[in-house]
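Enquirer: Handing you a structure now.
The values are calculated or read from the model by the stated rules, or taken from the named source; none is laboratory data. Here the structure is a predicted model, which is why all the values come from computation and not from measurement. Don't worry about glycine lacking a Cβ; one is built from the backbone with ideal geometry, like all the others, and counts go over all protein chains shown.
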Amino acid sequence: MKINRLKYKIIYCIISLLLSTNISYAEFKDIDPLESINRPIFAFNTVFDKIILVPIATIYRDIIPDIIKIPLENIVLQIKYPISSVNYALQGKWALSMHSLKKLSTNMILTLGTGHIKLDEEIDKNYKYTNFNATLNLQNVESGPYIVLPILGGSSVRGAISKLVDNNFIPLNKKLKTNISITNAVIQRSYYIDKLDTLEKTSVDYYAAVRNIIMQVDNQAGNKEPETHSIEDFDFSDDEELDFK
């Protein structure tokens with residue numbers, strides 16, 4: 001109990017510091033001042049990805065039937081609605097915050113096979129998940145340098161902190177959250193098997209190519225005007241979350 005309280009205090013202090021001082025990393029001439037550390041970790045992650053994750057994701061993509069995949073992915077995706085609802089509220093977008101809760105309720109009811117909640121079709125048509133990274137970006141909090149974590153992958157410092165915060169918004173126990181995160185990692189990796197393979201084969205520097213895509217997507221978090229990606233529809237957003245990124 002005391003450990004949990006300490007964890008929340010640490011998160012609160014980090015958020016307060018970011019929002020109050022609007023930390024700027026302009027002194028870094030490069031987005032990747034930790035490159036000498038990041039590259040070995042990225043190499044390890046790449047080996048782990050190829051030996052462990054890709055084979056499992058390939059089996060999931062090619063062998064598991066849709067009758068199992070569709071409801072499984074629907075259940076896993078529901079975990080994003082509480083996160084979106086809280087963050088839309090923090091962004092002052094109350095209609096979208098309520099819409100997130102309605103989508104969660106609708107999905108749960110449909111899963112049980114009874115009832116129906118009417119959604120605003122106009123809002124639902126363009127609905128997007130959001131997260132704390134987008135919330136901070138819309139507050140003009142700098143993304144910070146690129147950082148690669150073992151297994152978890154790469155992100156900006158802001159993105160890494162945001163995932164920690166978002167994880168505490170998930171109303172599930174630790175074991176269940178871990179199981180869902182692993183399942184989500186396999187699902188997300190199955191979407192990008194071919195794209196990442198192509199990226200690795202066609203890139204002069206695979207590490208730099210992945211880093212640049214992640215940082216570009218990170219800088220577009222929220223409702224900011226999108227820029228052209230180096231790979232069409234290569235979505236590394238947090239809605240999405242295994243960081244290969």
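Enquirer: Consider Tyr81 carefully, then state whether it is in a helix (DSSP H, G or I), modelled with pLDDT under 90 and crowded, with 18+ Cβ neighbours inside 10 Å.
Expert: Judged against the criteria, Tyr81 is a match.
Enquirer: Can I ask one more? For the range 136-154, how many residues meet the condition of being closer than 20 Å to Val86 by Cβ and either surrounded by 23 or more Cβ atoms within 10 Å (Cβ to Cβ) or of a type in the set (Phe, Trp, Tyr) (or both)?
Expert: Result for the range 136-154: 2.
Enquirer: Kindly indicate whether Ser230 is more than 27 Å from Ile83 (Cα to Cα) and modelled with pLDDT under 90.
Expert: Yes, satisfied.
Enquirer: Could we say that Lys224 is part of a loop (DSSP other than H, G, I, E, B) and either at pLDDT 95 or above or basic (Lys, Arg) (or both) here?
Expert: yes
Enquirer: Follow-up question, since we're still on this one. If we keep just the residues of the range 151-210 that are touching a strand residue (DSSP E or B) at 6+ places or on another chain (Cβ under 8 Å) and outside any helix (DSSP H, G or I), which is farthest from Thr135 (Cα to Cα)?
Expert: Gly154
Enquirer: Looking only at residues that are loosely packed, with under 12 Cβ neighbours inside 10 Å and acidic (Asp, Glu) in the range 55-76, which one is modelled with the lowest pLDDT?
Expert: Asp66
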